[in-house]
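See structure below.
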Amino acid sequence: MTDDSAQGPESEIWERHEKLFLDRLDACLACDDFTECGAFRHTPDKFIRSRARIYQGEKLDRVMINRYSLRRGRAGLVIFAYPRPQYAIPSFLLHVGGHPPDKTLLTLDLAPCSPEMDLSAFASVAQTHRRAMDLPESGLEWLASVTSPYLMHCAFKRIEPERFYGALEAVIETWRDAYIAPAERDDDAAVVQARRDSLLELKKVVFRNDPAFPVFTRAFGRSMSDVLAEAAFGGDPALSIAEATEPPPAPGSWANKKLGVGWHADAQDRVHEAPAFLRPMIRRIIEKEAAKAGAAMVSMDLVLKCEKKYRGNMEL
């Protein structure tokens, strides 16, 4: 088992949120029966860790609670909870991290498992707490196809801790009371398969755009990173990590003819490790830097320099 005390003082924040989730869902989960996996790398200049616990319940196929650290001062809590496909229950998605409370990174949603799912109960709660936390009305484009229209999010914004705690509590209780508790088992093969397809697409989109896994791969190696990914995206249906991982671009296939800039293969591969939704922005930044420097080809050295220069805007 990993050592939570090594995570730093912010671990108390995540522990409080994790405890809230488990306490409110005590009747829905086997909270004293879980599987844990984790990895920890600590060097003079690195502090990377991931600790995932997996729970199940009668109606919930997989509940993954992960506390992570990508570097000192950049940590967070992720909860992905998926229903068994025999039940019409939305998936619970939470990612809270950054540097709370002043620079909080937040995504919180109940993602429907079918287009016709009634989300009015969640809509009311989301609208109330979005206003209370002064969150933007716009959604996340890269998640829009698999999440609800009421997703709450912000990028490095100040959120008062008690207001977020109240919002999290309200969403958890709404998920429990309006969706989990009344859900009845439906074994219609076509309905169940449609829900499986929806859940699988949700897992695929989140996996391909999650910024943590490239960091974990570099820190712990591909095998350990895949174990952590399976913890988040396994179950029924299980996402095949190998199949969901997009192949790297063909050598020399990236080129900006307008700027007269090409790419070395290793530089392409490095940028390809970034979340899918960030890659176009990262490519544009690096190609402009190459053109500014008069370089005809983007090298690995230039990519690494850009990582350091733009670390606040591009997480490679």
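Descriptive notes on the structure:
- Condition check for residue 29 on (1) farther than 22 Å from residue 186 by Cβ; (2) touching a strand residue (DSSP E or B) at 6+ places or on another chain (Cβ under 6 Å); (3) among the aliphatic types (A, V, I, L, M): one failure, at (1).
- Residues satisfying the stated conditions in region 17-46, i.e. loosely packed, with under 14 Cβ neighbours inside 10 Å and not in a loop (DSSP other than H, G, I, E, B): 19, 23, 35, 36, 42, 43
- Neighbours by Cβ (under 8 Å, 6+ apart or cross-chain): first from region 265-282, at negative phi; second among the hydroxyl-bearing types (Ser, Thr, Tyr): 267/299; 268/253; 273/217
- Any hit, region 226-238, residues being exposed (fewer than 14 other Cβ atoms within 10 Å of the Cβ), closer than 30 Å to residue 50 by Cα and touching a residue at least 12 places away in the same chain (Cβ under 8 Å): no
- Summed over region 95-116, residues that are among the acidic types (Asp, Glu) and in a strand (DSSP E or B) total 1.
- Restricting region 164-192 to residues that are within 22 Å of the chain's Cα centre (by Cα) and among the hydrophobic types (A, V, I, L, M, F, W, C), the residue that is surrounded by the fewest Cβ atoms within 10 Å (Cβ to Cβ) is 170.
- The residue that is surrounded by the fewest Cβ atoms within 10 Å (Cβ to Cβ), counting only those in region 123-143 that are modelled with pLDDT of 95 or more and not in a helix (DSSP H, G or I), is 134.
- Search result, residues across region 193-208 that are surrounded by 17 or more Cβ atoms within 10 Å (Cβ to Cβ) and under 20 Å from residue 276 (Cα atoms): 198, 199, 200, 202, 203, 205, 206, 207
- Helices (runs of 4 or more DSSP H) wholly inside region 211-316 containing at least 3 residues that are under 30 Å from residue 83 (Cβ atoms), at pLDDT below 95 and not aromatic (Phe, Trp, Tyr): 212-220, 222-233, 241-244
- Here the condition is being touching a residue at least 24 places away in the same chain (Cβ under 8 Å) and within 17 Å of residue 75 (Cα to Cα); of 215, 205, it holds for 215 alone.
- Going through (1) surrounded by 14 or more Cβ atoms within 10 Å (Cβ to Cβ); (2) of a type outside the set (S, T, N, Q); (3) in contact (Cβ under 8 Å) with a residue 24 or more places away in the chain one by one, residue 246 falls short only on (1).
- From the list 159, 241, the one residue that fits, being within 30 Å of residue 46 (Cα to Cα), β-branched (Val, Ile, Thr) and more than 17 Å from the chain's Cα centre (by Cα), is 159.
- Taking region 60-90 as the range and being in a strand (DSSP E or B), at pLDDT 95 or above and more than 13 Å from the chain's Cα centre (by Cα) as the test, the residues that pass are 60, 61, 62, 63, 82, 83.
The values are calculated or read from the model by the stated rules, or taken from the named source; none is laboratory data. These numbers were taken from a predicted model, which means no experiment stands behind them. Positions of Cβ are generated from backbone atoms using ideal geometry, with glycine treated the same way; all protein chains shown enter the neighbour counts.
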